[in-house]
1. Please enumerate the residues belonging to region 40-58 that are open to solvent by less than 80 Å² (accessible area, probe 1.4 Å) and over 48 Å from the mean Cα position of the chain (by Cα).
2. Give me the pairs, please: first residue somewhere in region 34-53 and within 14 Å of residue 72 (Cβ to Cβ), second residue anywhere and hydroxyl-bearing (Ser, Thr, Tyr) and assigned to a helix (DSSP H, G or I), beta-carbon distance under 9 Å, and either six or more positions apart or on two chains.
3. Test each condition in (1) at pLDDT 85 or above; (2) loosely packed, with under 11 Cβ neighbours inside 10 Å for residue 12 and report the one that comes out false.
4. Quick test of your reading of the structure: residue 73 fulfils all but one of (1) free of Cβ contacts under 8 Å to residues at least 24 places away in the same chain; (2) more than 30 Å from residue 123 (Cβ to Cβ). Name the failing condition by number.
5. Which one is nearest to residue 19 (Cα to Cα), of the residues in region 105-137 that are hydrophobic (A, V, I, L, M, F, W, C) and open to solvent by 60 Å² or more (accessible area, probe 1.4 Å)?
6. For region 139-147, indicate whether the set of residues that are in contact with a Phe, Trp or Tyr (Cβ under 7 Å, 6 or more places away or on another chain), part of a helix (DSSP H, G or I) and more than 28 Å from residue 26 (Cα to Cα) is non-empty.
Amino acid sequence: MKKFRWRLQRLLDIRQKQQESLRTELAALTEQAAGLRGRILMEKAMLRSRLAALRQADAADRIAQQELFMRYVAAVDAQIAALQRDLNALEQKRKEKIEAIMAVRKFCKSLERLRVQALTVHRQQQDHAEQNEHDENANAAFARKMLV
């Protein structure tokens, strides 16, 4: 019986490797985005804790501390805004990677369907060839019996 060889198998293998590398890149981007989210949350929590500490301060000290806090808040807000822009850029890259993964996955699925179809055709051809061989053997045996 002839072995099944599919000509597009190499292309399928390459696409599957490409899909895996895209998944790895997506995981790295997700990890970076999670880190940025954590930093943003940490900065906001620090601001809230400083504000809570300010509320607990005496009235005489509070005015001086509020002025310093307001300068500090402006700088931290600018830093948070920059982190948020970076996070938005990472999210956009993640969306692009997800779309690329979906496109490659769709291509792989169609190749796998083609492979299954080709394998089915191959098996049908092999079964047909085997049946023809059995028929020829039966005809030859019958002809031998008729001659004898």
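1. The one that is open to solvent by less than 80 Å² (accessible area, probe 1.4 Å) and over 48 Å from the mean Cα position of the chain (by Cα): 57.
2. What qualifies is 47/72; 50/72.
3. The number of the failed condition is (2).
4. Of the numbered conditions (1) free of Cβ contacts under 8 Å to residues at least 24 places away in the same chain; (2) more than 30 Å from residue 123 (Cβ to Cβ), the odd one out for residue 73 is (1).
5. 107
6. Within region 139-147, none of the residues are in contact with a Phe, Trp or Tyr (Cβ under 7 Å, 6 or more places away or on another chain), part of a helix (DSSP H, G or I) and more than 28 Å from residue 26 (Cα to Cα).
The values are calculated or read from the model by the stated rules, or taken from the named source; none is laboratory data. Computed from a predicted structure; not experimentally measured. Backbone-built Cβ (ideal geometry, glycine too); neighbour counts: all protein chains shown. Only protein heavy atoms, including side chains, enter the accessible area calculation; ligands, DNA and RNA are left aside. Shrake-Rupley method; radii C 1.70, N 1.55, O 1.52, S 1.80 Å.
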